[in-house]
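Undergrad: Once you've had a glance at the structure underneath, I'll fire off some questions.
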Amino acid sequence: GLELSHCVGANSLGPPVPWRSGGPCKMKRVRTVFKPEQLERLEKEFLKQQYMVGTERVDLAATLHLTETQVKVWFQNRRIKWRKQSMEQKAAKLSQFGVIQPATADSTDIKDHEEDTVDVEL
């Protein structure tokens, strides 16, 4: 489900505290835990196409008993993982031949996107 945890504060083990003093609490969504069958199907679809949009995404979400947003975010995160793995494989091949790969815009883009990896519903 889309359960929300209590207010997020500096000490997550203590009682809920306001996010900012005097302001409302910032609610944090609990991370989605996918069932093995759901992951298997999501991976299978990802191998076919890296982008899932429109009615395909709606249908897949309904079939897997997930929200469309959960499927969308899973695909976003999976593409980031795929790009990172591709870069690592490329770097490994180049290092086999003694070629040192300089830092490129692509590698920094991936680092930036890793920080953007989300599991929240906006």
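The values are calculated or read from the model by the stated rules, or taken from the named source; none is laboratory data. Computed from a prediction, not measured in an experiment: that's the story for all the values here. Heads up, the Cβs are rebuilt from the backbone with ideal geometry, glycines too, and the neighbour counts pull from every protein chain shown. Ligands, DNA and RNA are stripped out before the accessible areas are found, and what is left, the full protein with its side chains, is counted by its heavy atoms. Shrake-Rupley method; radii C 1.70, N 1.55, O 1.52, S 1.80 Å.
Undergrad: State which residue pairs qualify: first residue under 23 Å from Asp59 (Cα atoms) and basic (Lys, Arg) and inside the stretch 71-94, second residue surrounded by 14 or more Cβ atoms within 10 Å (Cβ to Cβ) and modelled with pLDDT under 95 in any location, beta carbons under 8 Å apart, and separation of 6 or more residues or different chains.
TA: Cβ pairs passing all conditions: Lys72/Met52.
Undergrad: Then there is this: Criterion first (of a type in the set (Val, Ile, Thr) and either surrounded by fewer than 12 Cβ atoms within 10 Å (Cβ to Cβ) or not in a helix (DSSP H, G or I) (or both)) does Thr55 satisfy it? Talk me through it step by step, then tell me what you get.
TA: Details: of a type in the set (Val, Ile, Thr): yes; either surrounded by fewer than 12 Cβ atoms within 10 Å (Cβ to Cβ) or not in a helix (DSSP H, G or I) (or both): yes.
Taking the combined requirement at face value, the residue satisfies it.
Undergrad: Answer yes or no: is there a residue in the stretch 79-94 that is open to solvent by 40 Å² or more (accessible area, probe 1.4 Å), among the polar types (S, T, N, Q), closer than 16 Å to Glu40 by Cα and out of contact with any Asp or Glu (no Cβ under 7 Å at 6 or more places or on another chain).
TA: No; the residues of the stretch 79-94 include none that is open to solvent by 40 Å² or more (accessible area, probe 1.4 Å), among the polar types (S, T, N, Q), closer than 16 Å to Glu40 by Cα and out of contact with any Asp or Glu (no Cβ under 7 Å at 6 or more places or on another chain).
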